[in-house]
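Engineer: Encoded as structure tokens, here's the structure I'll be asking about.
The values are calculated or read from the model by the stated rules, or taken from the named source; none is laboratory data. The shown structure was predicted, so the numbers you read here are calculated from the model rather than taken from an experiment. Cβ placement follows ideal geometry from the backbone for every residue including glycine, while neighbour counts extend to all protein chains displayed. Surface areas here come from the heavy atoms of the whole protein model, side chains and all, with no ligands, DNA or RNA. Shrake-Rupley method; radii C 1.70, N 1.55, O 1.52, S 1.80 Å.
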Amino acid sequence: MSSLFFLLVFMLVALFVYLGRYSGRVAAEAERFIAAPPEAVRAEVADLARWQAWNPWLEHARDPRAATADGDQLAWDVPQVGRARVTALKPPAPGALRQRMAFALPFAFKGRSDWRFEPVPGGTRVSWRFKGRVAFTLRAFAATVQGATALDLRFGLDRLAAVLEATPPAYRLDYAGVQALPAGLCVQQPLRAGLDALATELPAQIAGMRERLRAAGLAADGPAVVHYLRTQLKRRTVDGRVGVELPAGAPAPALPEGFAVHEQPAQSAYLLRFDGPPEALELAWYQAMQRLRVEQREPHPQRPPFARYLADPAPGRAGPVELLLPLKPA
């Protein structure tokens, strides 16, 4: 009994020492131009009852009235989606806003949200900043929570802009659900890029790849396909493969140096259809992963997520893309 007791004590001490290496701090910020006057933007954010129209944490709630607002408080508790509370605080400066935010699910963390509304020609430069901490037991995951929060803020500002500008959003997300994918072949080459530069680097890489394949007398007109083998949010880097689909039934060709044929097995995958500029694709991937969590589906542990570009991407130009997440067999 005494040996088991001391072993448990040792394990608890080791756990506390390990978690003590991490600060648990979360700091995220997003900024966006909105074509509306500062007073209109501030009024939309200050009235917590209006958050129903653009709240980024309720993107996957099936009931549009999932949150309840009561004066200076907003709360929601939606199974599989999340549980949180927003409380209005005294503004730190005239024209600014401050809120206390406490999340219980999917992560336990809390902190302070600060808003700034800067008048600029044609509208408002809106800044949304969050600072807080995760629960002690989640300290090792603070970087993950911080990355997710940064994407939530960006997504929220995009939705807020669509509401205030009374225009269609800059991108459209269509959660198409589980699809049965046939087997196929792709000609691909390695991809390594920074996440923040991917929107500008990928179009040139796809164009150069098609040119090399055509010069070798090979088919190069199929949809561009990008497999994401490893994405590091903390370092903001991605490693993968980029290439084009081969026609169904086509034999594997002899390839220029640096290219390889990769077989795509028949499989089930969750499909999200995206239509927008490549700069917003990271947000789409994040929402696709969120939808998997909400629907309690597990990604395949060995098969990487991939994107099919139905039109070659160009910086700042909207285009259709299929985001596919292979699923673990039931």
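Engineer: By how many nm would the segment from E31 to A46 lengthen if fully extended, with 0.36 nm per residue of separation less the alpha-carbon distance?
Structural biologist: 3.7 nm
Engineer: Then there is this: Report the residues of segment 297-327 in range of a label on T167: point 7 Å along Cα→C-beta, backbone N strictly under 14 Å from it.
Structural biologist: Counting only backbone N, you get 317-318.
Engineer: Between segment 71-89 and segment 256-311, what is the separation of their alpha carbon centroids in Å?
Structural biologist: 31
Engineer: With everything on Cα atoms, drop me the angle between helix 281-294 and the longest principal axis of the chain, reported from 0 to 90° to the nearest 10.
Structural biologist: Rounded to the nearest ten degrees, it is 70.
Engineer: Counting only other residues whose beta carbon sits under 12 Å from that of G276, what net charge do I get with K and R as +1, D and E as -1?
Structural biologist: In short, -2.
Engineer: Grab the beta carbon distance between T144 and E211, set R0 = 35 Å, and tell me the FRET efficiency rounded to 0.05.
Structural biologist: 0.35
Engineer: Quick one, can you get me the convex hull of the C-alpha atoms of the chain expressed as volume per residue in Å³?
Structural biologist: Hull volume normalised by residue count: 183 Å³.
Engineer: Something else about it: Rg and Dmax in Å for segment 129-240, alpha carbons only: what are they?
Structural biologist: 19.1, 59
Engineer: For A254 and E118, compute 0.36 nm times the residue count separating them, minus their Cα-Cα distance, and round to one decimal in nm.
Structural biologist: Additional length available on full extension: 43.2 nm.
Engineer: Moving to a separate point now. Please report how many Lys pairs in the chain have alpha carbons closer than 20 angstrom, counting only residues at least 8 apart along the chain or sitting on separate chains.
Structural biologist: Within the chain, the lysine pair count is 4.
Engineer: Among P203, P313, P168, which one moves the most in a GNM of the chain with springs linking Cα atoms closer than 10 Å?
Structural biologist: With Cα springs under 10 Å in the chain, the top fluctuation among P203, P313, P168 is at P168.
Engineer: Which of rounded, prolate, oblate describes segment 251-330, given a ≥ b ≥ c as roots of the alpha-carbon gyration tensor eigenvalues and a/c under 1.5 marking rounded, otherwise prolate only if a/b is larger than b/c?
Structural biologist: oblate
Engineer: Any idea what Rg and Dmax come out to for segment 233-277 if you just take the C-alpha atoms, in Å?
Structural biologist: 15.0, 41
Engineer: Using helices alone, what [θ] at 222 nm do you get for the chain, with -39,500 (n - 2.57) per DSSP H run of 4 or more residues, divided over all residues and rounded to the nearest 500?
Structural biologist: Using -39500 (n - 2.57) per qualifying helix, the result is -8500 deg cm²/dmol.
Engineer: Then there's this: Helix 2-20 versus the longest principal axis of the chain: what angle, 0 to 90°, nearest 10, using Cα atoms?
Structural biologist: In the chain, helix 2-20 runs at an angle near 80 degrees to the longest axis.
Engineer: Based on the alpha-carbon gyration tensor of segment 62-117 and its eigenvalue square roots a ≥ b ≥ c, which shape applies: rounded if a/c is under 1.5, prolate if not and a/b is larger than b/c, or oblate?
Structural biologist: Prolate, since a/c reaches 1.5 and a/b exceeds b/c.
Engineer: Set the Förster radius R0 to 45 Å, insert the Cβ-Cβ distance between L181 and A69 as r into 1/(1 + (r/R0)^6), and round the FRET efficiency to 0.05.
Structural biologist: 0.60
Engineer: Please list R129, R192, R25 in order of solvent-accessible area, largest first, computed with a 1.4 Å probe with all protein chains present.
Structural biologist: The most accessible residue leads, giving R192, R25, R129.
Engineer: Just to confirm the number: angle between the C-alpha axis of helix 142-165 and the first principal axis of the chain, 0 to 90 degrees, nearest 10?
Structural biologist: 90
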